[in-house]
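The values are calculated or read from the model by the stated rules, or taken from the named source; none is laboratory data. No experiment lies behind these values; they were computed from the predicted model shown. In this analysis, Cβ positions are derived from the backbone assuming ideal geometry, glycine residues included, and neighbour counts consider all displayed protein chains.
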Amino acid sequence: MPKDSLHKLGLRHLQIEDYEAVKNISAKAYSGLSEPWTKEELNSLINCFSEGQICIEDNGKPVAVALSIMITFSLFGKQHTYNQITANGTFKSHDPEGDYLYGIEVFVDPDYRGMRLGRRLYDARKDLAVNLNLKGILLGGRIPGYTDHAQDISAHEYILKVQNRELIDNVLTFQLSNDFHVLNLLNKYWPEDRPSKGHAVLLEWLNIYYQQKTRLIGGTKSIARVSVVQWQMRRFISFDDFMQQVEFFVDTVSDYKSDIVLFPELFNAPLIHLYEDRSPSEAMIMLAEHTEKMHLAMIDMALSYNINIVTGSVPAINDDGHLINVAYLCRRDGTWDSQEKLHITPDEDTHWGFVGGTTLKVFDTDVGKIGVLICYDVEFPELARLQAEKGMKILLVPFWTDTQNGYLRVRRCAQARAIENECYVAISGSVGNIPKVETMGIQYSQAAIFTPSDFSFPHDAIAAEATPGVETTLITDLDLDLIKELRAKGSVRNMESRRTDLYNLQWISTDV
C-alpha cells in the first residue's frame, strides 16, 4: 500500500458482494494453514445471521473481517471442536434463541496490521452481544506460539505461562488483553492448526449488562401448552350459535392455561346448511361471507382469553375474487396472520371451486416459531422442510377427512414430518355428520400430537391422541428445549445430516 494513500475506515455488515475481498484477506492471513473461505460458506453465514458478520472497510473495500454465530452453550459444553460448533461448515448450529455469541473467525489484511483493527472488531462483537442481551462471547482461540515450546511443556502449561505473562502468544495475549478469560483447553479443536498442535483455548467474555430473561413478563416460553379441538359437526341455527360453541372451547382450554388452541379444517362448514337451496360452490361462497366477522370475533377471543388461536380453516375470497381455504393465527397480543391452503384436492376443485394459495409462512409467537399446513398440504414434505429451515418447532395441521383411510394419509404424513424435521406436529379434525347437506357426508378424526422419535420423547412418538369419533380436546405440554437439544445431540439428526452438497430445496414463489 502506498504510504501516502488516504484511509477511510468504516464498520459495517458483510454482504455477499464482498466475497472476493474476504477470500483474498483469508488467503493472505492464513497462508499455508487453511483454504480461504468459500462463497457458499460466507453466504450461509450471512443468510442465517447477517448481524454477526462484520467487516471494517477502507474506501469501501473490506480489510478486516469477524464472523460469528449464536449458540446455546449448554448444548456444546466446555469440550467441543470447531467442526461441532460450525456443524461441519454448514452453520446449521446457529441458534437464534441461543445465549452466547460464538466467534468463528477474525482475520485482518496483513497490510493493515498495527492499525488495531482486530480490537475494533472485538468491540463491535461486544456491542452486538450487549444489544442482543446475550450472556457473553465464546471462542476457540488459537495458540500459534505453542509450536516453539511443544517439546518442553504441555499445552496447559503454555497457556498458564501466557496468562502469567511469562510468555507472549500473538493471538492469546491479544485476546486476554481484550477482557477474555480462559475457561479450559480444547484438545483437537482444529487439527489443521499445526502451529497450535490442533489445540485451542476456550475463552469467554462476560456481558455485565446481561439481564436474565423471565417468562413472567413475556418472551418466548420453553414449555408450550398446546390444545387441540376435535370438533363435532352439527346443525347450528345461526352464526351466533356457531360462535358460542367456538367460544366454549376457547374458554375451556384457556382455563387450563393453554398457550395455543387449534381448530379443524373448514370447521364452520356446518353453517352451509343455511344455503341448502344453492349448489355446493355457491353455498361455499356464501359461507365465505361469514369469514371476516368470525375472524374479528376470534381476534377478540384471543385477547380476552389470553390465548393464541389457530382458527382451523375457513373459506374466504381473495383479492382476485377466487375462493380460497385459509387458516388464521390470532395472537393473544391482538396481532394476526394467515396461511392459505396451497394444494387443492380434486373434490375441493370439482365441488367447491377452491384455488390454491401461493405463500408459505412461519409465524413468530410467544411459544416460538410455528407453521400451519392445511390437511392435504402436510402430504407434501417439501413444505414442512422449508418451514423447519426457517426455525419452525411446532407444526399445526387442521384437516377434514371423511374416511379412515383418508385420515390415515394425513396422520402418517404428519408423523413423518415430525421425524424428518425434528418438530412437534398437532393435527385437528372433525367428527360426525350433517344430514341432508350435499358434500358434507361423514367425518372421521382422531386428533393427536406427534413428537420426534428419540430417547427424550415418548417411545411411540405420540404425545397425546384423542378417542376417535367423539367431540373432545387434547391439552399437552411440549418442551421446546428438547427440540433444540435433539437437533444438536440426537441419536440421528435429520436436519443437520442433509446432504446439501448433493441436493437442496428452493422456494421459487413468494418467500417463506
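Results, tabulated for the structure shown:
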read-out: Residue list for the range 149-187, filter: among the acidic types (Asp, Glu), over 15 Å from residue 197 (Cβ atoms) and touching a residue at least 12 places away in the same chain (Cβ under 8 Å); value: 179
read-out: Extreme residue, modelled with the highest pLDDT, among residues of the range 90-122 that are out of contact with any strand residue (DSSP E or B) (no Cβ under 9 Å at 6 or more places or on another chain) and of a type in the set (D, E, K, R); value: 119
read-out: Lone qualifier among 395, 408 - being among the aliphatic types (A, V, I, L, M), surrounded by 24 or more Cβ atoms within 10 Å (Cβ to Cβ), under 19 Å from residue 264 (Cα atoms) and free of Cβ contacts under 8 Å to residues at least 60 places away in the same chain; value: 395
read-out: Residue list for the range 308-340, filter: surrounded by 18 or more Cβ atoms within 10 Å (Cβ to Cβ), in a loop (DSSP other than H, G, I, E, B) and either in contact (Cβ under 8 Å) with a residue 60 or more places away in the chain or of a type in the set (Ser, Thr, Tyr) (or both); value: 311, 312, 313
read-out: For residue 431: the one exception among (1) within 21 Å of residue 504 (Cβ to Cβ); (2) buried (at least 19 other Cβ atoms within 10 Å of the Cβ); (3) at pLDDT below 95; value: (1)
read-out: Residue selected from the range 470-512 under the condition among the small types (Gly, Ala, Ser) and surrounded by 15 or more Cβ atoms within 10 Å (Cβ to Cβ), by the criterion nearest to residue 404 (Cα to Cα); value: 490
read-out: Test: residue in the range 277-298 that is touching a Ser or Thr at 6+ places or on another chain (Cβ under 7 Å) and either in a loop (DSSP other than H, G, I, E, B) or surrounded by fewer than 16 Cβ atoms within 10 Å (Cβ to Cβ) (or both); value: no
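Residue-by-condition table, conditions (1) at pLDDT 90 or above; (2) touching a Lys or Arg at 6+ places or on another chain (Cβ under 8 Å); (3) aliphatic (A, V, I, L, M):
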| site | (1), (2), (3) |
| --- | --- |
| 435 | no, no, no |
| 439 | no, no, no |
| 447 | yes, no, yes |
| 460 | yes, no, no |
| 466 | yes, no, yes |
| 473 | yes, no, no |
| 506 | no, no, no |
